[in-house]
Every structure is written in structure tokens, then in C-alpha cells.
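Novice: Please see the structure below; I have some questions.
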Amino acid sequence: MMLTLLLEAALRSAALMGLAWLALRLLRVTNPFTQMAVWVGVLGFSLIMPLLMRLAPTDTMAVPLDGIRLWLRPAAELVAAAPTTAGEAAPGTVSAWAWVDWRIAAMTLYLLVAGVMLLRLAAGMLASLRLRSSALPQSAPWTGTHDVRVSTRINVPLTIAGSILLPPDHVRWTDVKRRAVLAHEASHIQRGDYYTLLLAAIHRALFWFSPVAWWLNNHLAELAEANSDTDALEQMEDRLNYAEILVEMAHKASRLPAGLAMARPATVAARVDRILAGGTLPLRMNAARWVLVLALLAPAAIATAGTNGVDKTDPVVAARMVEQQKPRTAVAMDPATYDKFAGYYEMPFTASRPLKVYRDGTRLMAHVIGQTPMEFFPESQTKFFSKEAPVQGTFQLDTTGKVTSVVLHQNGHELPTPRIDDAKGKALEQALAARVASNKPLPGSEAALRAHIAQIKAGKIDRDGLLPDRADGVIAVLPKIQAEMLPLGELKKLEFRRVDEGGMDVYRATYDKGVRDWWVLVTPDGKLDSMWFGPAA
């Protein structure tokens, strides 16, 4: 969707601007010419950010989240539920806003605002070009090679494209004042400020929803004036006189078309303060400095465009994940051989939910008890793989050929699951079946869920309320969970619905603005073992 692309591009551009701002502060860069070069570069990269996102080499930024949950829904999936609209209603009712397609509404709003801003910009440009065309060319020794024109429709100097427009009263100016004005306006033309600010205005219109786009437009205008003030001061040594000229022009200024006026009232105060502060005039940009600025900006822009957060913390894990996702080919094996692999294997995260492996005719099947079985195919005499998901299992044998464990390969991890006694495995399976049949919540599950929902709202997860290996994963994705849950408003009701086939308590949570189902599993001492949420079924 185009709006999603623009939102992501705006966010990445904001990150690039933040890096540029931080670098300028850390390096204490005060030269307005250098600052202008940096921000012009940032503007250029921001305009092509949607393209850079497609072309830049994708890199990864490590996130402290271990997402491995073998055949159990990981903590990261807490944010996988379908988005809720503001008008979602409780089951059995029809929202008054159900007919609204919010994505189309958002896109319509974006196009409406962007269209109005672009039309206003185009109208301003057209008006300025007409003003330029109607102005009378001025030919005099003091104009030099500049395209100087006089217009009765303005009362302050103005630059439009490559032309300098002067008001009729310029004939009463002193030579010093005229030289300062021409130097100021010619400086805008030499650096192409008119076109730079035009691009900044287009960027602001396209990304009108981003505050940094508005800030960049204003900051570039301020820097353009500061740099032109520097060029003007070279023509007159009297800083006080030049400051008085600016104040005079500001008093005369009125609403102007798309152009660069010498003294816009909003910028004069800061410019006068800077001029009267004195100091050495800053060095200007040259080709070598431009190359250096762009050479430093380009890697930052490419990195900003291509960086993505991932659920990985170790390059070894990344390499394993690539290997685990490769296509695999099954080899021939006598189905009777599967019998030696059949049994129960203790899962590292859920001792009460073992992995069950069994033969179903000519097929080898496996699943965590209470979940849907998957067929596994032989890749070798001891390694098997699933065609439904990138997961494999390698059975370990002792010296007598007896199977002692299976190493599970998934999500870049290798988890050993030791074989347990069949009687213990069957007892756990029967206990799960009895629990599902009883359809009663575990003691403490409602209290644990209420506490967890309150912690999400507060933005602080209590580690003591979760199993140790769950806490880091939940905390890492807390901002994403909040983004999904907080718009729902206050919790109004929490109702137990059932025990699902995996033995988890299912609760229906009714909020001010929507409904969600929560799946919860707690330990005997009331700690959360597993939890996730999804749309109300």
C-alpha cells in the first residue's frame, strides 16, 4: 500500500535527520554553509527514500528477543493478531462504523491534504513566474551580469528562479545599500536556493504528516538567508547598517508569492542577532567539501533505508536459519524403521507438554501433545524434516542403537529433547485430555491474566509473574503489544470461555473499543507459562 510505504519512508527519513542533527551537534558545526550542505543532502536522500528502501542492501539490527518456541506460539506472535478498528463492536452487535474502510479513508485524507498543499505550491509558483514576467528588465552598470527587474507589485527585494526583482523605490537607495541587496539576492541565485526550497516544499507536501518535514523546510529557509547575509556583509563592513536595512525591509514586507524575499518578518530577529554578534565570516562550500559531505551522508542514508530489526542475536543462529530453510529431499526408508523413533520426548520449555512421535501406517508423525500432528520425512537414517514448516529433527542413538533423544532444528536453534518413559508421556497426555474435558480454568489463571493486562497498560512487565525464560521475550516486544492493545481502551470484562485442545485457558476480554481472546497457561504457583491474544472467535 502506498500510504504504508510513505509512512515507513517518513520514519526512516526522520531517523536520518536525527543522525545528521546529532553529528552536527557532536562535531560542533556552526558554519551555516556547511549546515546548509548537510541538510540539502538530507533533503535529497529523504525525497528518494522510498526508492532507497527498495535498492539499499538489507541489513539487520539485532533485537534482544529469543523467539524459539517449538510448536508453541512465540511471544513475538502476541502482535500477530489482526488490527482492531476504532469502531469494533462486541460480538452480536453491528458497529455504526462497520461500513467504513479505514485504509481507504486514511488514503483519501492523505491524498486530499497532499493535493491541496501541492496545488497551493503550484499556484504560488505560477503567480511568482507571472510576477517575474511582468517585471521590467533593468539595465544599468550596477546590475552587472545579473538579471535585475523592477516590479511595482512588490515593496521588498525578491528572488524568483534566476531573476532579482526590486521595488520601485530602489532608485533612492544608496550605493552601499544597493550593493548589499544585490549581493544578498545574487547569493541565493548562485546557490540555487529557489530550487532547493521548492524541493523542500514538495517534500513537506508529500510528507505533510511528518513534523520533521515541516522543520526541515523552515530550517533550510533560515540557513539560506543566513548564508546570503554573509555574502552581503562582505559588501559592507558596517554590520549595524546592514541590520537596519533588514529591519526596514521587514517592516515593508507583505504576503509574497513563491520566491525568496530578502527580509521575511519571521526570520529577521534571529538574523539581526547573529549579524550584530560579530565574529569571523564563515568559510564557503567548495566542490571538495560538497563531496565530503555527500560521502559521509550516503552510507548513513543507505543504512537507514536498509536496516531492519530482526528476532536474532547471534550470527551462528542466522547461519543455521538459512540452512534450516533450504529445500530438502526425502530418501527411501522402510516404514517399519520408524517404530524405534516412536515415543515421548521432553520439550525444553514445557515439561508437561512432551513431543509425541509415532507411526501412522507408512508415515512418521510428530506433535506437541494437544497440538496438530505434522508428518516428517526421512532426510537420512536419523534426520527427518517437515514439509509444512522449516523444522527438522535429528534422532540421537547410543552405542546399542537405542534412541535416547532428538535434536530439534528450528528458527536457527538446536534444542535437545531427551526421551522420557512412555508411561510418563502417556500419563501427561491423559492428564491433558482430562483437563480439556473438565473445561475448568487453572487456579490463578484469571488473576495472572488481569495482572498481565494491567502491566501492559502501565508499560512495565513484572518478571516475577512469568517464567524466567518467558520474561525477556515478552519485555522485548512490549511496545508492539501496547500498540495493539492500548487503542482498545479500558478493560471492562474478563470472561472464561473454555479450555482449548492444548490445555490453555481461553478468556474473552471486552474493552471500551473492542474484544480480544486471550490464551493463558499458568504454573501451579500462578506464574504465566504461556500467553497470547487474538481476535475474538
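Novice: Classify the stretch 435-537: rounded, prolate or oblate, from the alpha-carbon gyration tensor (a ≥ b ≥ c, eigenvalue square roots; a/c under 1.5 rounded; otherwise prolate if a/b is larger than b/c)?
Specialist: In terms of gyration-tensor shape, oblate.
Novice: Work out how much length VAL331 to ALA140 would gain on full extension: take 0.36 nm times their residue separation and subtract the Cα-Cα distance, in nm to one decimal.
Specialist: Working: separation 191, 0.36 × 191 = 68.76 nm, distance 9.22 nm.
This chain segment gains 59.5 nm when fully extended.
Novice: Ok, one more. If r is the Cβ-Cβ distance from THR510 to LEU109 and R0 is 41 Å, what FRET efficiency results, to the nearest 0.05?
Specialist: 0.85
Novice: Would you mind checking which residues have amide H under 5 Å from LEU466's amide H? H placed 1.01 Å from N; only 5 or more apart, or other chain.
Specialist: Here LEU528 satisfy the definition.
Novice: Kindly identify the stretch 350-420 as rounded, prolate or oblate by the Cα gyration tensor criterion: order the square roots of the eigenvalues as a ≥ b ≥ c, call it rounded if a/c is under 1.5, otherwise compare a/b with b/c, prolate if a/b is larger, else oblate.
Specialist: The shape class here is rounded.
Novice: Additional query: So how exposed is HIS170, as accessible area in Å² (1.4 Å probe, rounded to 10)?
Specialist: 10
Novice: May I pose another question? If you count the DSSP beta bridges with both ends in the stretch 113-209, what percent of them are antiparallel, to the nearest 5?
Specialist: Bridges in the stretch 113-209 are about 55 percent antiparallel.
Novice: Now a separate question. Give the share of C-alpha pairs in each 5 angstrom bin for the stretch 351-473, from 0 to the last occupied bin, in whole percents, shortest bins first.
Specialist: In whole percents, the pair-distance histogram is 2, 9, 13, 17, 15, 15, 13, 9, 5, 2, 1, 0.
Novice: Still on this structure, I have one more. Per residue, how large is the accessible surface of the stretch 94-235? Use a 1.4 angstrom probe and give square angstrom.
Specialist: 50
Novice: How much accessible area per residue does the stretch 357-408 have, in Å², with a 1.4 Å probe? Show your work: numbers first, answer last.
Specialist: Values: 2400 Å² over 52 residues.
Computed with neighbouring chains in place, this is 46 Å² per residue.
Novice: Quickly work out the ALA483-to-ALA123 label distance, labels modelled 7 Å from Cα along the C-beta direction, and quote it in nm with one decimal.
Specialist: About 3.7 nm separates the two model spin labels.
Novice: Another question, if that's okay. May I ask you to compute the full-extension gain from GLU375 to GLU429, defined as 0.36 nm times their residue separation minus their alpha-carbon distance, rounded to one decimal in nm?
Specialist: 17.5 nm
Novice: Roughly how many Å² is the accessible area per residue of the stretch 411-537, as a whole number, for a 1.4 Å probe?
Specialist: On a per-residue basis, 48 Å².
Novice: When all protein chains stay in place, what accessible area (Å², nearest 10, 1.4 Å probe) is found for ASP464?
Specialist: So the heavy atoms of ASP464 present about 110 Å² to solvent.
Novice: Roughly speaking, to the nearest percent, how much of the stretch 310-383's 1.4 Å accessible area is carbon and sulfur?
Specialist: Working: 1990 of 3700 Å².
Here it works out to 54 percent.
Novice: With an 8 Å cut-off on Cα pairs and a minimum separation of 6 or more residues, tell me the relative contact order of the stretch 127-185 in percent.
Specialist: Once normalised by length, the contact order is 27 percent.
Novice: Between GLU388 and TRP215, what length in nm is gained on full extension when 0.36 nm per residue of separation is reduced by their alpha carbon distance?
Specialist: Extra length from GLU388 to TRP215 when fully extended: 57.3 nm.
Novice: Give a residue-ordered list of calculated ³J(HN,Hα) values for the stretch 500-511 (Karplus: 6.51 cos²θ - 1.76 cosθ + 1.60, θ = phi - 60°; whole Hz; x for Gly, Pro).
Specialist: 7, 5, x, x, 9, 6, 10, 10, 9, 9, 9, 10
The values are calculated or read from the model by the stated rules, or taken from the named source; none is laboratory data. Everything quoted here is computed from the prediction, not taken from an experiment. Cβ: placed from backbone, ideal geometry, glycine included. Neighbour counts: every protein chain shown. These accessible areas exclude ligands, DNA and RNA; they are computed on the full protein's heavy atoms, side chains included. Shrake-Rupley method; radii C 1.70, N 1.55, O 1.52, S 1.80 Å.
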